[in-house]
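K.L.:
This is the structure I have questions about; it appears just below.
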Amino acid sequence: MDARSIALLEFPLVRERLAEATSFPPSRRLAESLEPTADPILVARGLEETEQARALLVERPGVGIGAAHDIGPAVERAARGGRLDPAQFLEIAEMLDAAVRLATGLADERRSLLRQLGHELHGLPALRSTLARTFDPAGDLLDTASPRLGGLRAAVRVAYDRLRRRLDALVGSELGGALQEPIVTLRNGRYVVPVKAEARGRVKGIVHDASGSGQTLFVEPLVVVELGNAWREAQVAEQAEIERILDELSALVATNATLLRETLSALARFDFWAAKAQLAGEMDATRAETAERPEIVLLSARHPGLTGRVVPIDVRLGDGYTALVVTGPNTGGKTVTLRTLGLLALMHQAGLHIPAAPGSRLPVFRDVFADIGDEQSIAQSLSTFSGHLRRITAIVEAAGPDSLVLLDELGAGTDPTEGSALAQALLDHFIRAGALVAATTHYAELKAYAHTTPAARNASVEFDLDTLSPTYRLTIGLPGGSQAFAIAERLGLPEAIVADARSRLSEAQRTFEATLAAIKAAEGETSDALERARAAEARATGALRAAQDERNRARQEREAAVREARATAERLVDGVRDEVTAARRSIERDTVTARALDEVADRLDERLQRLPASPVEPPPRVAEAAHAWRLGERARSRTGGWEGRITALERSGRRATLEAGGMRVTVDVADLEPALAPAARKAGGRATTGGSTIGDAVARQAARDGDGGSLARLRLDRTRSVASSLDLRGARVDEALDALGRYLDDAALAGLDRVTIIHGMGTGALRDAVRAEAASHPLVREVRAGERGEGGDGATIVAL
């Protein structure tokens, strides 16, 4: 991918934070070499690594690589026949211990990548045990490292003791007057005594050194030379044995070099995955869904480099429009919006979780291009405009389908008229090339371009004129003003100068700015109303849930009462059966009397009177020929008046689910009858429910109930099931209009005063058809497009 854009979007800073979270050099090198990739398979693999490591660390926070070391250089040295030192062997042993602990922790792991990584961790028990009995915890060779080493070390100690005892005897009595001090010291690996220069003739021996003044000679007496030689020979033999042991162990490491490399690699990868998980936790990040087509949905996105209170932004691009023109005042957050969009795309393609809310979605781009910052260069005689244009020229040549292009202050640095014209031409080129493009600008012409171009949308960053500070909130669908005059007034520029500047604007510019301000004010009022409506809807949902719980409780109590009544009846019937059996046996034995028969009859009457009353069963329906219902077939409920397509059938065949107008209801199959086709139903009138007018539906319900409360019950049923919005995205126009008519009828019957119809942007055909159909509906009072927070032009608000 484009290396310059990766640097401009500050991906190296994220990579540096990732490297700081690693625990040892091999995993740090993996973090420092991390690059975004355009391969969807590698992107999915990287995201899954982060996901699985994050889940593992939540379940078991203590799992990790422990005291693992970078043994790579030592293994390579041993593989080339070199000798390793004890410290390197100690690092290898500690690395193998860490591998065994991690492998044990991953032994029963159910997540596939972690389980596979656990299989690549080799404990090498033979090598571990050999190192354990060869070295102590400080890395020194044990006497048991070989059969000879203990004996050689004992010989060194014996030779040393003999040498010291003889020297101590010389210093204590025999050479007392010839010595500067009664001590024994070491020179060049030999023990000597400090002899006065004038007494040199009294001490026969070998001079190994002299003091700086020449007054003292360090002499090894001849009487201890042989003892010194014996001690030195024992040391040489010990060192030769140590070197032989180290060579043997180095060869053992070389034999296991392949498995050691694989184990080191697995430890490094696990630590790298854990670092990605740690970084995700620090940023409160989530895994973005990978979009199958070029479409960006970022919810509550935050730039990873910002600190303190960060205002999240929502960015959508690619669903109905492929170009986003961001406008607003300086320091308002336009450039931060571009950087956030580009950096989160790069992080996603590097297998990292992004600081955004769940539900965010990003595609896998072939490349990401950015032109952000000042490209001015005195050395190359480039102006700001020339520097930007040279960069944009390279982007034009490379960008195409599956590319993301980010352009800051497009067309700036030259004549505004020519710059805005060039900017529009560039946006048109990128739209035709199939790239997703986001650009910032101050030009009013680009705001108009984004408003009139179907494949483009305006977006603005908000600014608080009272505090002269940006809010950093991003609004898609409305252009933003530069607020130059308002800021100038707040900062103390004389009012006369500001008024003169305003008068120099064209009438079209003044009208445009005034209209923009009015739209924003209306949008604020609408947003407040929408929040109140959402709060009311939440309260209604809670009340409906409480009613549902009460109904479930009543049903459970009723079923329990029925079970108890059935059990009581069965016990009473069993008693009657026993009485009858006893009477029959008495008759067979000819022992029954008239009095006994009367008593039996009385007891039977008493038991039968105690039987619980059976529930009143509804009169049986007139037998009809059974209809074999199929999925997708249109049907109507006789008793409820529901009508729609069958979307589900229970395996028992007794219940079916109808779907219409964004609603679903489950009914008995025995209560269904075939429904008219949409075309036939439309011929009967516009304001219909299931092929008849609302009044007819209510009348039929009243006729069935036989009382005046049927309308209230019908309203209650509709209120419980009719949602406050209808989603028609993806439907054909005829299907959408059919569902719209039935939904508006049901919404009116439910007492809703305003509903939202969601149809999306698309080509606009479905939007126009929906608005025309709703405007002509007899129950509709007003139809308007959605405002900010209501879905924008992708939704229609209908007042009933």
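The values are calculated or read from the model by the stated rules, or taken from the named source; none is laboratory data. Please read all numbers here as calculations on a predicted model, not as lab measurements. Neighbour counts run over all protein chains shown; Cβ positions are idealised from the backbone, glycine included. Remember, those area values only see protein heavy atoms, side chains included, never the ligands or the DNA or RNA. Shrake-Rupley method; radii C 1.70, N 1.55, O 1.52, S 1.80 Å.
K.L.:
In the list H451, H442, which residue meets the criterion of being closer than 25 Å to I392 by Cα, modelled with pLDDT of 75 or more and outside any helix (DSSP H, G or I)?
P.N.:
The match here is H442.
K.L.:
Out of T322, T327, which single residue is open to solvent by 30 Å² or more (accessible area, probe 1.4 Å), farther than 29 Å from L30 by Cα and among the polar types (S, T, N, Q)?
P.N.:
Matching residue, one of T322, T327: T322.
K.L.:
May I ask you to list pairs of residues, at least six apart or on different chains, whose Cβ atoms are under 9 Å apart, with the first in the range 546-561 being in a helix (DSSP H, G or I) and the second being of a type outside the set (F, W, Y) and open to solvent by 100 Å² or more (accessible area, probe 1.4 Å)?
P.N.:
Filtered contacts from the range 546-561: A547/R720; Q548/R720.
K.L.:
Which number in (1) of a type outside the set (S, T, Y); (2) buried (at least 18 other Cβ atoms within 10 Å of the Cβ); (3) at pLDDT 95 or above marks the one condition that L42 misses?
P.N.:
(2)
K.L.:
Tell me the residue from L18, L47 that is in contact with a strand residue (DSSP E or B) (Cβ under 8 Å, 6 or more places away or on another chain), assigned to a helix (DSSP H, G or I), among the aliphatic types (A, V, I, L, M) and buried (at least 21 other Cβ atoms within 10 Å of the Cβ), please.
P.N.:
L47
K.L.:
Looking only at residues in the range 652-673 that are polar (S, T, N, Q) and modelled with pLDDT under 80, which one is nearest to A747 (Cα to Cα)?
P.N.:
Taking the candidates together, the pick is T666.
K.L.:
Follow-up question, since we're still on this one. Working only within the range 56-94, note down all residues that are hydrophobic (A, V, I, L, M, F, W, C) and assigned to a helix (DSSP H, G or I).
P.N.:
Matches in the range 56-94: L56, L57, V58, A74, V75, A78, A79, A87, F89, L90, I92, A93.
K.L.:
Further question on the same structure: Restricting to the range 76-110, name every residue that is open to solvent by less than 30 Å² (accessible area, probe 1.4 Å), free of Cβ contacts under 8 Å to residues at least 60 places away in the same chain and within 27 Å of the chain's Cα centre (by Cα).
P.N.:
Matches in the range 76-110: A103, G105, L106, E109.
K.L.:
Any chance you could count how many residues in the range 779-789 are touching a helix residue (DSSP H, G or I) at 6+ places or on another chain (Cβ under 6 Å) and either open to solvent by less than 10 Å² (accessible area, probe 1.4 Å) or not in a strand (DSSP E or B) (or both)?
P.N.:
First, the residues of the range 779-789 that are touching a helix residue (DSSP H, G or I) at 6+ places or on another chain (Cβ under 6 Å): 779-780, 783, 785-789.
Narrowing further to those that are either open to solvent by less than 10 Å² (accessible area, probe 1.4 Å) or not in a strand (DSSP E or B) (or both): 779-780, 786-789.
Going through the range 779-789 one residue at a time, the tally reaches 6.
K.L.:
Taking L131, is it open to solvent by less than 20 Å² (accessible area, probe 1.4 Å) and touching a Lys or Arg at 6+ places or on another chain (Cβ under 8 Å)?
P.N.:
Judged against the criteria, L131 is not a match.
K.L.:
List pairs: first in the range 261-279 and among the hydroxyl-bearing types (S, T, Y), second buried (at least 24 other Cβ atoms within 10 Å of the Cβ) and in a helix (DSSP H, G or I), Cβ under 7 Å, 6+ apart or cross-chain?
P.N.:
Every condition considered, the pairs that remain are T263/A99.
K.L.:
Does D768 fit the bill of being under 27 Å from T475 (Cα atoms) and assigned to a helix (DSSP H, G or I)?
P.N.:
Yes: the conditions hold for D768.
K.L.:
Is one or more of the residues making up the range 292-307 open to solvent by 10 Å² or more (accessible area, probe 1.4 Å) and closer than 30 Å to L117 by Cα?
P.N.:
Checked against the condition, which is being open to solvent by 10 Å² or more (accessible area, probe 1.4 Å) and closer than 30 Å to L117 by Cα, the range 292-307 yields at least one hit.
K.L.:
Could you pull out every one of the strands (runs of 3 or more DSSP E) wholly within the range 155-266 that has 3 or more residues that are open to solvent by 60 Å² or more (accessible area, probe 1.4 Å)?
P.N.:
205-210
K.L.:
Looking at the range 113-120, is at least one residue surrounded by 18 or more Cβ atoms within 10 Å (Cβ to Cβ), modelled with pLDDT of 90 or more and more than 26 Å from D70 (Cα to Cα)?
P.N.:
For the range 113-120, residues surrounded by 18 or more Cβ atoms within 10 Å (Cβ to Cβ), modelled with pLDDT of 90 or more and more than 26 Å from D70 (Cα to Cα): absent.
K.L.:
Sticking with this one: Within the range 732-747, can you find the residues that are farther than 12 Å from R767 by Cβ and of a type in the set (G, A, S)?
P.N.:
A739, G741, A747
K.L.:
Now, a different point. Return the residue satisfying two criteria in turn: it lies in the range 622-637 and is closer than 23 Å to D746 by Cα and touching a Lys or Arg at 6+ places or on another chain (Cβ under 9 Å), and of such residues it is modelled with the lowest pLDDT.
P.N.:
The extreme case among them is G632.
K.L.:
Can you pull out the residues in the range 397-422 that are surrounded by fewer than 21 Cβ atoms within 10 Å (Cβ to Cβ) and among the aliphatic types (A, V, I, L, M)?
P.N.:
A398, A412, A421, L422
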